[in-house]
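J.: Quick one: structure below, then a few questions.
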Amino acid sequence: MRIDIITVLPELLESPFNHSILKRAKEKNLLEVNVINLRDFATNKHKQVDDYQYGGGAGMVMMIEPIANCIESLKSKQDYDEVIYMTPDGELLDQPITNKLSLLKNIIIICGHYKGVDERIRNHFITKEISIGNYVLSGGELPAAVLVDAIGRLLPGVLNDESSALFDSFQDNLLAPPVYTRPEKFRDLTVPEILLSGDNKKIDEWRLNQSVQRTRERRPDLLNE
Ligand code: SAH
């Protein structure tokens, strides 16, 4: 999968994809992430990408021209399945959306700043708008990194045990069961005996039970879906 991220702060996206699971995804050529500096597509000599808003009021707005030029330049080289704008008034990101996006081949992600982007970009160039939560951040870079991480770990072959993402929280509308590792006993704190039993069938049953119980306690809304 190829993900092109358009940003005015490429430095913010230097590190998130170069460690751990996403690094492995890139090394295995399962994921290609390109960070594109929007300023390279600015048309005036000051490399301006934002301007005052029509109608007055505080806060700059990202201009239509550099973003349109950037998207069109990318589209002249390959086709894209989605052009995504990260925005607090977008569709709230969840596991089903992430699952669907992980099946695509090429996507563009646009990071907003200041007051956001000129509405004409949203109306004519964007195909999907995604929010990572009901709060406002100062830029779309961290939301973009969240989205790429959530997608990247789902690509087949990225996680060591291919099925392991299937057992994470929110798949099947269930939260994940509790997990334990060595030592078996820390002070007087022990590990549930069933996990040491070696009986895989019983262990699976126990995990499912724990998942359902945890979901019922913490996120009953998931069970009602
Ligand atoms: N004035 C806008 C907020 C702009 S915040 C409003 O009230 O809706 C600046 C940029 O940060 C946005 O353009 C967006 O790209 C990003 N951003 C902020 N919060 C976000 C969130 N919860 N989800 C996704 N992107 C977000």
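J.: Out of the residues in segment 99-120 meeting the condition of being in a helix (DSSP H, G or I) and open to solvent by 90 Å² or more (accessible area, probe 1.4 Å), tell me which one is farthest from the ligand (Cβ to nearest atom).
T.: Looking at the filtered set, the residue picked out is Lys100.
J.: Report yes if Met1 is touching a helix residue (DSSP H, G or I) at 6+ places or on another chain (Cβ under 9 Å) and either hydroxyl-bearing (Ser, Thr, Tyr) or open to solvent by less than 30 Å² (accessible area, probe 1.4 Å) (or both), otherwise no.
T.: No.
J.: Pairs needed: first member in segment 206-219, under 14 Å from Asn173 (Cβ atoms) and in the same structural domain as Pro178 (by TED's automatic domain parsing); second member anywhere, open to solvent by less than 50 Å² (accessible area, probe 1.4 Å) and assigned to a helix (DSSP H, G or I); C-beta distance under 7 Å; at least 6 residues apart or different chains.
T.: Once the first residue is under 14 Å from Asn173 (Cβ atoms) and in the same structural domain as Pro178 (by TED's automatic domain parsing) and sits in segment 206-219, its partners that are open to solvent by less than 50 Å² (accessible area, probe 1.4 Å) and assigned to a helix (DSSP H, G or I) give Thr215/Leu222.
J.: Additional query: Between a first residue in segment 27-53 that is open to solvent by 90 Å² or more (accessible area, probe 1.4 Å) and a second residue that is assigned to a strand (DSSP E or B), which pairs have beta carbons less than 9 Å apart while being 6 or more apart in sequence or on different chains?
T.: Filtered contacts from segment 27-53: Tyr52/Met60; Tyr52/Val61.
J.: Of all residues in segment 69-98, which are more than 27 Å from Leu166 (Cα to Cα), among the charged types (D, E, K, R) and either outside any strand (DSSP E or B) or away from the ligand (no atom under 16 Å from the Cβ) (or both)?
T.: Correct list: Glu72, Lys75, Lys77, Asp79.
J.: Could I ask something else about it? Output yes when any residue across segment 116-127 is among the hydroxyl-bearing types (Ser, Thr, Tyr), without any contact (Cβ under 8 Å) to a residue 12 or more places away in the chain and in the same structural domain as Asn34 (by TED's automatic domain parsing), and no when none is.
T.: The answer is no; no qualifying residue exists.
J.: Moving on. Out of all the residues in segment 156-176, which are open to solvent by 100 Å² or more (accessible area, probe 1.4 Å) and not in a loop (DSSP other than H, G, I, E, B)?
T.: Residues satisfying the conditions are Leu166, Phe167, Asp172.
J.: Just to check your reading of the model, which residue among Pro10, Pro96 is crowded, with 17+ Cβ neighbours inside 10 Å and out of contact with any helix residue (DSSP H, G or I) (no Cβ under 6 Å at 6 or more places or on another chain)?
T.: Numbers: Pro96 fails: crowded, with 17+ Cβ neighbours inside 10 Å.
Of Pro10, Pro96, the one residue that is crowded, with 17+ Cβ neighbours inside 10 Å and out of contact with any helix residue (DSSP H, G or I) (no Cβ under 6 Å at 6 or more places or on another chain) is Pro10.
J.: What residue, of Val179, Val146, Val136, is open to solvent by 30 Å² or more (accessible area, probe 1.4 Å) and not in a loop (DSSP other than H, G, I, E, B)?
T.: Just one listed residue meets the conditions, Val146.
The values are calculated or read from the model by the stated rules, or taken from the named source; none is laboratory data. This structure is a prediction, so every number in the text was calculated from the model and none was measured. For neighbour counting, all protein chains shown are included, and Cβ atoms are generated from backbone atoms with ideal geometry for every residue, glycine included. SASA here: full protein model, heavy atoms, side chains in, ligands and nucleic acids out. Shrake-Rupley method; radii C 1.70, N 1.55, O 1.52, S 1.80 Å.
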